[in-house]
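> Provided herewith is a single structure, encoded as structure tokens, for subsequent inquiry.
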């Protein structure tokens, strides 16, 4: 029938260029986009905005993500994983603490220096791959919502994430089939969401305590420019830590009072974890709550926890946010009284004690008008809109962020020579000159570090670079210029040149942590099975769109005088085919939908011709095309479009 | 607005061919390839130590709105690259110039002055020879520094043993405060020489100002490092 190909292809282009904002959280993840002038969260097919950052392998070795994966945490803990964000961009040696507190099962065939892999059933996955499963779910949710493919995203990261953690997040996006246009710091994203309706100037502090990470950022708002002045934080501090304290107490109780040691029983620990989280949440609004857990052998652990008890337990964890806040203020050169507004972000800021601490520290009541679970994703959507070219709502908005950690080079004596200081606005660059120490030396090794400590061994090793192929010269003659550039994502780029010969020095990058490009490519190929699934889904989505267009146009056709000119047999046949299209449209079979579209198209060919004739004669009798109401837009394409009129 | 004043071709926008400002085209607004420029000329301001910081901030915001990579999200890869480089230069220039100490050090270095401790040659020499960069103790501080270092060492030992000496902590805290006051005083003194340097009429006067500033900067850097050491011991 009347498929307006032009409209559709335009539509398709607009939609495929749509950039979504993603908050890839420790506990929950969300995807959002700008709908007109407002950012909105896209719900999953369960109707819920939050997608729990949980992944599991089901009994058919299929990956399950989000709410439907939660039950596996209890039923088959050895085939599921949560809080994977804690392991992003980290090596075995820096997660020893994590391993004591979280039931992460590392693959037992890990080689030294290899990127971590987590065992799920018989398979093992790197943290970026597991994060990619979550991203893929969000991508799918957005595609279902738009009925169109989504290939570009802005993803948020904790402001205090280092280079390796950022790179791992970017890799996860690539593995999930998303072009990551920008990594935005979570507190900064939150300030964008707040800034949207409060176009004002002043100093804002964003306190972001989530499931696994803590950030504090201080920003200066100036006529739409969001300039981060300083940032600080702890990438391993959040609600998870409070849960772990409560779990330990429950385990101790169970051992002491009931004589049972369930600490090695994955299912029991998962049940306890679920119960303490519920209790923790209840205690934000109640003075007391009951912890109630079913244990093996038909036993039951019950205990009442008062808010006072809870606060006493949580206090040492909450207090760990004070140091970073003080440091951020100091780095910004500001006193608490100079902060105009304080914004709370992250689920853990619902805890009354946290709010009290923030209020005491900044001497003012914090803003809580936006949902602390959603505000980061909403801000990511705003930034996505800015990157897409902006709209009226985001006009003049510009984000100027900083690097949270100093970048340094190891010099003789194992000392760190800082070349880009923390809180430098990004993009930021630094140029260093190197030379050789012996005649004819062809290689120079450079060790790049990130961190604030004086000694290289106390900083985070980012990478070791080998400058190779230096032309043979006497010692000290070559002059090699190495340029370090931190881009707007907070990710480091390095380039080098031997200035006397003008030769681009070859750099061999050995990232200390993280995947090489080849590995990421390999993972994209590995995930081909899922990609194929995505492609099939995309085809189905597009066919459904087309079907909806035809059905809508047919509805219009029924209202037109041309309908009366059809024989009753023709009408009956059309109705029959219409019914079958409506039926297959609800299913996932692309070929069936395609076939039903084509047959209905054939059957309605004469109706289309009659409608055009009547449109022409209407025009001849003095009515304009508009008055003839031939429909408009993609839902009822113009019948004179070229498509089916051969 | 910063306008290039080299030959005519370099003044033409790569995209529309019209005359352009240094970093972006005045006519079509497109970003231009970065040209070598020092921090002052990047902002199109004279090499002077007295600087209107409020105006510098305004210019920084205005240039950010035209150069930032966020505005080139869907531009050609080449323009994205230029935007990234231009913005990193802008940020580096702004960071250096807005800070009175950073600005003074930068300008002196531009004028070929070698600042002892942080001079590039000293850094490179240290790197080549494997020595740690030398620190010159200002003579009049020698006695105080010796005393403070003894106290810091004692506190480090005590902390290692798990002991607590509030009196010593307090004494060191006092010293730190006095060092910070000295730091502020040195900055104030430094500012006093800016006019002498900027006015430049008298070469001898200018040289005198330069030597005084180098001395003040070295003293201040020395004290800054000392304060950092004290903080490290107090916080650990």
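> Which ordering of B:76, A:236, A:367, B:23 is given by a fewest-first count of other beta-carbon atoms within 10 Å?
Lowest to highest Cβ neighbour count: B:76, A:367, A:236, B:23.
> Helix A:239-258 sits at what angle to the longest principal axis of chain A, using alpha carbons and giving 0 to 90 degrees rounded to 10?
The angle comes out near 70 degrees.
> Could the peptides A:574-583, A:71-80 be put in order, highest first, of the mean number of other beta-carbon atoms found within 10 Å of their residues?
A:71-80, A:574-583
> Further question: Give the angle, between 0 and 90 degrees and rounded to the nearest 10, that separates the Cα long axis of helix A:127-146 from the longest principal axis of the Cα atoms of chain A.
Tilt of helix A:127-146: around 30 degrees.
> Calculate the spin-label point distance for residue B:165 paired with residue B:78, positioning each point 7 Å from the Cα along the beta-carbon direction, and give it in nanometres.
6.8
> Also, I was wondering about something else. Rounded, prolate or oblate: which fits region A:407-515, taking a ≥ b ≥ c as square roots of the Cα gyration tensor eigenvalues, rounded meaning a/c under 1.5, else prolate when a/b beats b/c?
On the way: a/c = 1.93, a/b = 1.56, b/c = 1.24.
Prolate, since a/c reaches 1.5 and a/b exceeds b/c.
> Here's something else I'd like to know. Pairs of alpha-carbon atoms within less than 8 angstrom and 6+ residues apart define the contacts here; what relative contact order does chain A have, in percent?
Here the relative contact order equals 15 percent.
> Between residue A:147 and residue A:123, what FRET efficiency follows from the Cβ-Cβ distance if R0 is 35 Å, with the result rounded to 0.05? Intermediate values should be presented prior to the final figure.
Details: r = 32 Å, r/R0 = 0.92.
It comes to 0.60.
> First check a/c for the protein assembly as shown, with a ≥ b ≥ c the square roots of the eigenvalues of its C-alpha gyration tensor; if it is under 1.5, answer rounded, and if not, answer prolate when a/b is larger than b/c or oblate otherwise.
Oblate, since a/c reaches 1.5 and b/c is not below a/b.
> Can you put B:48, A:280, B:174 in order of Cβ neighbours within 10 angstrom, beginning with the fewest?
B:174, B:48, A:280
> For each of B:184, A:17, count neighbouring Cβ atoms within 10 Å of the residue's Cβ, then give the residues from fewest to most. Walk me through the numbers on the way to the answer.
Numbers: B:184 10, A:17 14.
Least to most surrounded, the residues fall as B:184, A:17.
> Kindly express, to the nearest 10 degrees and within the range 0 to 90, the angle between helix A:322-332's C-alpha long axis and the longest C-alpha principal axis of chain A.
Once rounded, the angle reads 90 degrees.
> Here is a follow-up. Could you tell me the relative contact order of region A:239-319? Use alpha-carbon pairs under 8 Å, at least six residues apart, and round to a whole percent.
26
> Per DSSP H run of at least 4 residues, take -39500 (n - 2.57); add these up for chain A, divide by its residues and hand me the 222 nm value, nearest 500 deg cm²/dmol. Please list the in-between numbers first.
Values: 17 runs with 247 residues, N = 646.
For chain A, the value works out to -12500 deg cm²/dmol.
> Let me ask something else about it. Residue A:579 to residue A:559: FRET efficiency via 1/(1 + (r/R0)^6), r the Cβ-Cβ distance, R0 22 Å, to the nearest 0.05?
Between residue A:579 and residue A:559 the formula returns 0.70.
> A follow-up question, please. Would you mind giving the mean number of other chain beta-carbons within 10 Å of the Cβ of each residue in B:52-60, as a whole number?
1
> Calculate how many DSSP beta bridges within chain A are antiparallel, expressed in % of all such bridges and rounded to the nearest 5.
Restricted to chain A, the bridges split so that about 80 percent are antiparallel.
> Right, next: First measure r as the distance between the Cβ atoms of residue A:605 and residue A:261, then evaluate 1/(1 + (r/R0)^6) with R0 = 60 Å and state the FRET efficiency to the nearest 0.05.
Once rounded, the FRET efficiency stands at 0.20.
Values in this text are rule-based calculations from the coordinates and carry no lab data. This structure is a prediction, so every number in the text was calculated from the model and none was measured. Methodologically, a virtual Cβ is constructed for each residue, glycine included, from the backbone with ideal geometry; neighbour enumeration extends over all protein chains shown.
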